[in-house]
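S.K.: Pasting in a structure now, in structure tokens, and then I'll have a few things to ask.
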Amino acid sequence: AQSVAQPEDQVNVAEGNPLTVKCTYSVSGNPYLFWYVQYPNRGLQFLLKYITGDNLVKGSYGFEAEFNKSQTSFHLKKPSALVSDSALYFCAVRARGNTGKLIFGQGTTLQVKP
Amino acid sequence: NAGVTQTPKFQVLKTGQSMTLQCAQDMNHEYMSWYRQDPGMGLRLIHYSVGAGITDQGEVPNGYNVSRSTTEDFPLRLLSAAPSQTSVYFCASSLWTGTSGSYEQYFGPGTRLTVT
């Protein structure tokens, strides 16, 4: 069965500092991995995804994520946080093949303070 | 393009009532799905569809029905509402090739449902 874990309910960083939001996954075979962001009272927006190839994936708004197969992780990173990055972040995984299930983690609230 | 639209935005039901949450997309996406979002639980997959006439259960399908008669529409039916179904419901869609699930999903704005 597929599963995703985001071990931190909340991450607090100061503006200008680097940020990391952690994600680990469990799935048979090689996964497709995604990060989404949700601003208050809005739907989710796609940030970036890992399909294959380079383990460092770059996405929207300066975010990037590193795929680590041995640690089954896909941590979201940004070199310099902005107050406007404050939001709820979700990691998601889908197994390769013809299954359609995209499974989300429980979400991590990112709070960036001025 | 309107993207993914959901109606209604808010709904209050009494226990035992039934209703249908509507979802439509104008991007010709084969894949559509329904999630519920509860505090501390993230998004949980209710049902999904990889094309007209094809639906499958997700993580939490009990109490919900779906059908997919057209590519554009994917309604979610609550047969007999219960307080445990109080949640925010999101519909999403994406491209789908039948063998690749690499496409990102586009989400609707959500429906906030309260069951009393």
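The values are calculated or read from the model by the stated rules, or taken from the named source; none is laboratory data. The structure displayed is predicted, hence computed values, not measured ones. Note that each Cβ is placed from the backbone with ideal geometry, even for glycine, and that neighbours are counted across all protein chains shown. Just so you know, the surface numbers come from the protein's heavy atoms only, side chains and all, with ligands and any DNA or RNA stripped out. Shrake-Rupley method; radii C 1.70, N 1.55, O 1.52, S 1.80 Å.
S.K.: How about the stretch B:29-47: which of its residues are among the hydrophobic types (A, V, I, L, M, F, W, C) and more than 7 Å from every other protein chain (Cβ to nearest Cβ)? Reasoning before the result, please.
M.R.: If we filter the stretch B:29-47 for residues that are among the hydrophobic types (A, V, I, L, M, F, W, C), which is where we start, we get B:32, B:34, B:41, B:43, B:45-46.
B:M32, B:W34, B:I46, listed by residue number.
S.K.: Oh, and also: Among the listed residues A:A92, A:A87, A:A81, A:A65, identify the single one that is of a type outside the set (F, W, Y) and within 13 Å of chain B (Cβ to nearest Cβ).
M.R.: Working: A:A87 fails: within 13 Å of chain B (Cβ to nearest Cβ); A:A81 fails: within 13 Å of chain B (Cβ to nearest Cβ); A:A65 fails: within 13 Å of chain B (Cβ to nearest Cβ).
So the residue among A:A92, A:A87, A:A81, A:A65 that is of a type outside the set (F, W, Y) and within 13 Å of chain B (Cβ to nearest Cβ) is A:A92.
S.K.: Further question on the same structure: Considering only residues of the stretch B:58-99 that are facing chain A (nearest Cβ under 10 Å) and at pLDDT 95 or above, which is surrounded by the most Cβ atoms within 10 Å (Cβ to Cβ)? Working first, answer last.
M.R.: First, pick out the residues of the stretch B:58-99 that are facing chain A (nearest Cβ under 10 Å): B:58-59, B:88, B:90-92, B:94, B:96-99.
Those still in the list that are at pLDDT 95 or above too: B:88, B:90-92.
On the way: B:V88: 16, B:F90: 25, B:C91: 28, B:A92: 26.
Here the residue is B:C91.
S.K.: Kindly list the number of the only condition in (1) free of Cβ contacts under 8 Å to residues at least 40 places away in the same chain; (2) polar (S, T, N, Q); (3) open to solvent by 20 Å² or more (accessible area, probe 1.4 Å); (4) over 25 Å from B:L13 (Cβ atoms) that fails for B:N28.
M.R.: The failed condition is (1).
S.K.: Now for a different question. Could you go through the stretch B:72-93 and let me know if any residue there is out of contact with any strand residue (DSSP E or B) (no Cβ under 8 Å at 6 or more places or on another chain) and under 28 Å from A:G59 (Cα atoms).
M.R.: No, the stretch B:72-93 contains no residue that is out of contact with any strand residue (DSSP E or B) (no Cβ under 8 Å at 6 or more places or on another chain) and under 28 Å from A:G59 (Cα atoms).
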